[in-house]
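Written below as structure tokens is the structure these notes are about.
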Amino acid sequence: MKLLVVSHACCTAINQSFYADLEAETGWLVTLVIPSRWSNQYGSADTSARWPGLQGDIKPINVFRPGNIPLHLYRSWFISLLRRQRPDAIYVHQEPYGLSSFQLCAANYLTDRKPIGFYAAQNILKAYPFPIGQIERWVFQRSSFAFPVTQGALEVLRAKGYLHSAEVLPLAIDFGLYHPDPESRSQQRARLGISPDRFVLGYLGRLVEEKGLNTLLEALDQLKGVPWELLLVGSGPFEAMLRQKVEKMKADGRVRFIGYVPHEEAPRWLSAFDALVLPSETRGNWKEQFGRVLVEAMACGTPVIGSSSGEIPNVIQATGGGLIFPERDATALAQSLNSLVGSPGMRRSLADQGLRSVGELYDQKHLVWRFASVIEDVISSRQQPGI
């Protein structure tokens, strides 16, 4: 089986690990197409890096608007590439309204019309302006399969008129990377000068307003006399305002701004936390689409606290690995935090349950088989969308 994958996310080598496991588990031949240059909020990605286990070819192609996820466009017609590669199927790791999804569907339509599919995380029903809405409908009509990451994303696809094969495929966890690591926990805390018995709350992600970090600081300010320390791992435009609030709280010594860390270093930080918090707050055009950091933390043996935004409560309820509070409710968050600070037994229980559940629900080696089965079924049935 020959699979062609087009993915801007695979500019970061760690994101290639899914396809490395797909090759190892199934024997498929995978070719990755990635942008030759990609910029994100943290700077430029090293597009020359290759995940150690990946066997297939990586083909970098120049793009217009590198870093713009929905609107980047490859400087290629893809027709000659498809004719050379002759893949059995094509997977575009991009939303159906993305320009690169349209590019691949158009090239496939003009060549062998192999089964082609896309990724979907959008969990809000939106009407896009011209020509994005038209592009999305065109991609729907000419795609044979889709992998929405949640049930909510699947429901949006169906509400918008996508009629073909779709399988909910959550974001996967590579247990070779994310696992309990007591040694790393001790080293990270020692390096920061944090005593083993100190309660360390952690946040890992972008420092932006919609992540609810203002509510988090308000909740911590209510924990009078409680020994806590907060590590904010990440960077973003909301950092200056957060620093001002920390100063007003007189909590400078208890809140540490770690800054951006590379993706592959995330497990060490997640292991160092006593609990991870994700206090996201819904906006008119956004709600938490998955909350991958929740399952990454649980895989590292760390319990979580999450708000009621988007998919967060679904992930926590499915795993049993943490506590949920109503979004924007600082008092409720403070109560949840106080429960965890005062009960190491509760933390251990949640951590154990979360680790078990993540292994059952999100293990990458299991999910690559679900991914492969959908594509094999589509190929065997020779389903082709209407023209």
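The values are calculated or read from the model by the stated rules, or taken from the named source; none is laboratory data. As the structure is a computational prediction, the values presented were derived from the model and not from experiment. Using ideal geometry, Cβ is built from the backbone for each residue, glycine included, and neighbour counts are taken over all protein chains shown. For accessibility, only protein heavy atoms count, side chains too; no ligands or nucleic acids. Shrake-Rupley method; radii C 1.70, N 1.55, O 1.52, S 1.80 Å.
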Note on F199: of the conditions (1) free of Cβ contacts under 8 Å to residues at least 24 places away in the same chain; (2) of a type outside the set (V, I, T); (3) buried (at least 19 other Cβ atoms within 10 Å of the Cβ), unmet is (1)
Apart from one, (1) closer than 24 Å to H263 by Cβ; (2) surrounded by fewer than 19 Cβ atoms within 10 Å (Cβ to Cβ) all hold for H93; the odd one out is (2)
Counting only residues in the stretch 273-304 that are touching a residue at least 60 places away in the same chain (Cβ under 8 Å) and part of a strand (DSSP E or B), the one farthest from Q151 (Cα to Cα) is identified as A275
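So is S80 open to solvent by 50 Å² or more (accessible area, probe 1.4 Å), at pLDDT below 95 and small (G, A, S) or not?
Details: open to solvent by 50 Å² or more (accessible area, probe 1.4 Å): yes; at pLDDT below 95: no; small (G, A, S): yes.
Considered against the rule, which asks whether it is open to solvent by 50 Å² or more (accessible area, probe 1.4 Å), at pLDDT below 95 and small (G, A, S), S80 comes out as no.
Consider L270 carefully, then state whether it is of a type in the set (A, V, I, L, M, F, W, C), within 20 Å of A9 (Cα to Cα) and in a helix (DSSP H, G or I). Full working, then the answer.
Working: of a type in the set (A, V, I, L, M, F, W, C): yes; within 20 Å of A9 (Cα to Cα): no; in a helix (DSSP H, G or I): yes.
No.
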Pairs returned, first residue in the stretch 242-269 that is within 22 Å of G193 (Cα to Cα), second residue that is of a type in the set (G, A, S) and assigned to a strand (DSSP E or B), beta-carbon separation under 8 angstrom, 6 or more apart or interchain, are I258/G234; G259/G234; Y260/G234; V261/G234; W269/G202
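Condition check ((1) open to solvent by less than 40 Å² (accessible area, probe 1.4 Å); (2) within 26 Å of R113 (Cβ to Cβ); (3) in contact with a strand residue (DSSP E or B) (Cβ under 6 Å, 6 or more places away or on another chain)) across all residues:
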site	(1), (2), (3)
L3	yes, yes, yes
A13	yes, no, no
A20	yes, no, no
E23	yes, yes, yes
T26	yes, yes, no
L32	yes, yes, yes
P52	no, no, no
G56	yes, yes, yes
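Where in the stretch 43-153 are there helices (runs of 4 or more DSSP H), lying fully within it, with 3 or more residues that are under 24 Å from T26 (Cα atoms)?
Details: elements: 79-85, 99-110, 132-142.
Output list reads 79-85.
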Checked against (1) crowded, with 18+ Cβ neighbours inside 10 Å; (2) of a type outside the set (F, W, Y); (3) at pLDDT 95 or above; (4) within 23 Å of the chain's Cα centre (by Cα), L125 satisfies every condition except (1)
Condition set of a type in the set (K, R) and over 22 Å from D88 (Cβ atoms), scope the stretch 134-178, selection surrounded by the most Cβ atoms within 10 Å (Cβ to Cβ): answer is K160
Exactly one of S165, S143 is touching a residue at least 40 places away in the same chain (Cβ under 8 Å) and out of contact with any helix residue (DSSP H, G or I) (no Cβ under 6 Å at 6 or more places or on another chain), and that residue is S143
